[in-house]
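Have a look at the structure below, then the notes.
The values are calculated or read from the model by the stated rules, or taken from the named source; none is laboratory data. All figures in this text were calculated on a predicted structure; none of them were measured in a lab. Here the Cβ positions follow ideal geometry from the backbone for every residue, glycine too, while neighbour counts run over all protein chains shown. Heads up: the accessible areas ignore ligands, DNA and RNA and are worked out on the full protein's heavy atoms, side chains in. Shrake-Rupley method; radii C 1.70, N 1.55, O 1.52, S 1.80 Å.
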Amino acid sequence: MARYTPPQQSKLGQIFDVIVLLALTVGALYIPLWLGLAGSAQLHDTVDAPSWESLQQNATMVEQWAKLGFADAEAAAPLITARFDYSFSFFALIAVIVTVLGYYTMMLKLSEKEYRDVIAEKFGEE
């Protein structure tokens, strides 16, 4: 059997691949946020008339909040009282599993010929 030679790709094809991969990466990170499926600060404890003392912030913490541009307790209260939402969805878990398995299956089917050529070159025909 002849030595395996991978197909050559043009510079335009490589640039297109990079743009597609970049778009997929940004989409994979942004779409869950856009659909409201991700995000941490969705729950807030309510504090009437927030003060640094009612938010349990000491002098050092207040100084650091001021460095971040929060001069008063009212402006910093939504960030301080934000709580993480660790709810779990079986539907989302199943959707991720199906997506990963579907992608893996698709890649194996699309790459089967190339895999066979490389294996035949390295280990011989069987």
Worksheet entry | Conditions (1) without any contact (Cβ under 8 Å) to a residue 40 or more places away in the chain; (2) surrounded by 10 or more Cβ atoms within 10 Å (Cβ to Cβ); (3) not in a helix (DSSP H, G or I): number failed by R83 | (1)
Item to complete: Check A92, A75 and return the single one that is surrounded by 11 or more Cβ atoms within 10 Å (Cβ to Cβ), more than 30 Å from L24 (Cα to Cα) and small (G, A, S).
Response: A75
Discussion item. Condition (residue is surrounded by 11 or more Cβ atoms within 10 Å (Cβ to Cβ) and in a helix (DSSP H, G or I)) applied to the stretch 45-61: is it met by at least one residue?
Written reply: yes
Practice prompt. Confirm whether F70 is out of contact with any Cys (no Cβ under 8 Å at 6 or more places or on another chain), loosely packed, with under 10 Cβ neighbours inside 10 Å and without any contact (Cβ under 8 Å) to a residue 24 or more places away in the chain.
Written response: no
Discussion item. Condition first: open to solvent by less than 50 Å² (accessible area, probe 1.4 Å), over 30 Å from Y4 (Cβ atoms), part of a helix (DSSP H, G or I) and modelled with pLDDT of 90 or more. Can you find one or more residues in the stretch 100-121 that meet it?
Written reply: no
Worksheet entry | Pair list, Cβ < 7 Å and 6+ apart or interchain, from the stretch 103-116 residues that are without any contact (Cβ under 8 Å) to a residue 40 or more places away in the chain and among the β-branched types (V, I, T) to residues that are outside any helix (DSSP H, G or I) and open to solvent by less than 70 Å² (accessible area, probe 1.4 Å) | none
Fill in: Sole exception among (1) modelled with pLDDT of 90 or more; (2) in contact with a Phe, Trp or Tyr (Cβ under 9 Å, 6 or more places away or on another chain); (3) open to solvent by 90 Å² or more (accessible area, probe 1.4 Å) for Q42, by number
(1)
